[in-house]
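Everything below concerns the one structure shown next.
The values are calculated or read from the model by the stated rules, or taken from the named source; none is laboratory data. All figures in this text were calculated on a predicted structure; none of them were measured in a lab. Note: ideal-geometry Cβ built from the backbone for every residue, glycine included; neighbour counts use all protein chains shown. Surface areas here come from the heavy atoms of the whole protein model, side chains and all, with no ligands, DNA or RNA. Shrake-Rupley method; radii C 1.70, N 1.55, O 1.52, S 1.80 Å.
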Amino acid sequence: MVEYHRRLYLSLMIAILAILILFPFLKDAQTGRLALSLLFLVVMLHALKVLAPRRHIFWFGFALAMAAGVGLPALMLVVKFPAAAHRPLFHACMGTYLAFLTLVIVVLVKSIFSGYRMTSDKIYAAISCYLLIGLLYAMFYITIEDFDPSAFGRVMPQWGGSASEMIYFSFTTLSTLGYGDLTPQTALAQTASYLEAITGQLFVAILIARLVGLNIAHTTRDYQNGRNE
């Protein structure tokens, strides 16, 4: 079971890192954006394995993953020139992405903070969770900018056209790096930005405290067992 989880969380982490690395190189052409959508589908299929042991939520997650992972590529294949009439479909796809990522993050957090021992699979799960938080906020920013093109002080060329920039902005905000080249201009964008910064700092702080606590508890138990023997 441990080996299964290690491979699961490790493969999920690698899939997320792959899409983050490839995103800037595939963002411009129609085929590139379609390839990215398919990569997101691969990530979601890996994430579905995280939900598999929890049958009561697996099928809900599966429905969300299929709606988002299949819906957005299909929309890109059918619609070459985005129009206002297609925006509700795009928003629906983004909504399912947000719901699915939120579900996976909650399950990952429960896995990370359960148990009484620090293991490598917990580290892989924590990294995957942190990266998924960055992607979650990036998709939220994309949706915000699509509703209000002035949200970040620039004109967005078309729906979803700023995905790479929003991922970049999300992770610089999550890590509180904040270069300042993209700045939120509206109340909703500003609120989402500082909430992401708080989330990133709290996640790292609580995770470190938890892992240190598990390590100390495990070492103490080993020492006491050694003395008892």
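Kindly provide the set of residues from segment 95-123 that are of a type in the set (A, V, I, L, M) and either buried (at least 21 other Cβ atoms within 10 Å of the Cβ) or within 13 Å of ALA47 (Cβ to Cβ) (or both), ordered by number. ALA99, LEU101, LEU103, VAL104, ILE105, VAL106, VAL107, LEU108, ILE112, listed by residue number.
Every test in (1) modelled with pLDDT of 85 or more; (2) of a type outside the set (Ser, Thr, Tyr); (3) touching a helix residue (DSSP H, G or I) at 6+ places or on another chain (Cβ under 6 Å) is passed by GLY69 save one, and that test is (1). Inspect all residues belonging to segment 124-134 and state whether any of them is touching a residue at least 12 places away in the same chain (Cβ under 8 Å), open to solvent by 10 Å² or more (accessible area, probe 1.4 Å) and on the phi > 0 side of the Ramachandran plot. The answer is no, given that none of the residues of segment 124-134 is touching a residue at least 12 places away in the same chain (Cβ under 8 Å), open to solvent by 10 Å² or more (accessible area, probe 1.4 Å) and on the phi > 0 side of the Ramachandran plot.
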